[in-house]
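Below is one structure; the comments refer to it alone.
Nothing in this text is a laboratory measurement; each read-out follows from the coordinates by a stated rule. Because the structure is a prediction, the values reported are computed rather than measured. We place every Cβ from the backbone using ideal geometry, glycine too, and count neighbours over all the protein chains shown.
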Amino acid sequence: MEQDPVILFDGVCNFCNGAVNFTIKRDKKKTIKFAALQSATGAALTEQYGVPANDLRSFLFIEDGILYNRSTAALRVCRYLTGLWPLCYAFIIVPAFIRNGIYDFIAKHRYKWFGEREACMIPTPDVRSRFLM
């Protein structure tokens, strides 16, 4: 049985929440599901895939039972989006140490630049079914 792809994100990070909202608007087939790393589902999935429970820096994407992180996860998500976004997947040819260096720089400063919430976002009723609690 094939599972829908899942994005695991830092639920209190404004930048991460913005990325989720960006994806929701552009995933017209509604294929991708979402789970905050702080949720019970997020905790269960990170444990299942051997991700340290306190590692909230990484954007994670599970596709076909394989866990991707950081820039590779973001690029793989682009393939599900409408418009020209799937073309971004071509950046996968850039060596991971370069892509992840940029990713890590943004991740390190995301709270300072974009702020954080007191609690995880609550999905609106029209997208609630796409969130795994």
* Quick one: if you stick a label point 7 Å off each Cα along the C-beta vector at ALA90 and SER129, how many nm between them? -> 3.6 nm
* To do: Quick one: which residues, 5 or more positions from ARG117 or on another chain, have an amide H under 5 Å from its amide H? H modelled 1.01 Å from N in the peptide plane, none for Pro or chain starts.
  => CYS13, ASN14
* Which whole-Hz ³J(HN,Hα) couplings does segment 19-29 yield from phi under the Karplus relation 6.51 cos²θ - 1.76 cosθ + 1.60, θ = phi - 60°, glycine and proline marked x? -> 5, 5, 4, 4, 5, 4, 5, 10, 8, 5, 7
* **Candidates per GluC sites (Glu not before Pro) in segment 31-133, loop by DSSP, up to 15 other Cβ within 10 Å** => GLU118
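Mind counting lysine pairs for me in the chain? Cα separation below 28 Å, and the two need to be 8 or more apart along the chain or on different chains. Before the final figure, lay out the partial values.
On the way: LYS25/LYS33; LYS25/LYS108; LYS25/LYS112; LYS33/LYS108; LYS33/LYS112.
So the count works out to 5.
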* What does the charge count near PHE61 come to, summing +1 for each Lys or Arg and -1 for each Asp or Glu among other residues with Cβ under 13 Å from its Cβ? -> 0
* Which label marks the calculated value of Rg and Dmax of the Cα atoms in Å, given the options (1) 17.1, 55; (2) 15.2, 49; (3) 14.1, 41? -> (3)
* To do: Counting only C-alpha contacts under 8 Å and six or more residues apart, can you give the relative contact order of the chain as a whole percent?
  => 35 percent
* Asked: Does segment 1-62 come out rounded, prolate or oblate by the C-alpha gyration tensor, with a ≥ b ≥ c the root eigenvalues, rounded set by a/c under 1.5 and, if not, prolate when a/b is larger than b/c and oblate if not?
  -> oblate
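Assuming R0 = 22 Å, can you tell me the calculated FRET efficiency for the pair LYS108 and GLN3, based on Cβ-Cβ distance, to the nearest 0.05? Show your work: numbers first, answer last.
On the way: r = 31 Å, r/R0 = 1.42.
In this case the efficiency is close to 0.10.
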* **Those trypsin sites (Lys or Arg not before Pro) in segment 12-66 that DSSP places in a loop and that have at most 12 other beta carbons within 10 Å** => LYS28, LYS29, LYS30
* To do: Apply the Karplus parameterisation 6.51 cos²θ - 1.76 cosθ + 1.60, with θ equal to phi minus 60°, to every residue of segment 85-101 and state each ³J(HN,Hα) to the nearest whole Hz, in sequence, with x for glycine and proline.
  => 4, x, 5, 4, 4, 4, 5, 4, 6, 5, x, 4, 5, 6, 4, 6, x
* Structure fact -> The long-range amide H neighbours of LEU67, using H built 1.01 Å from N in the peptide plane and a cut-off of under 5 Å, are none
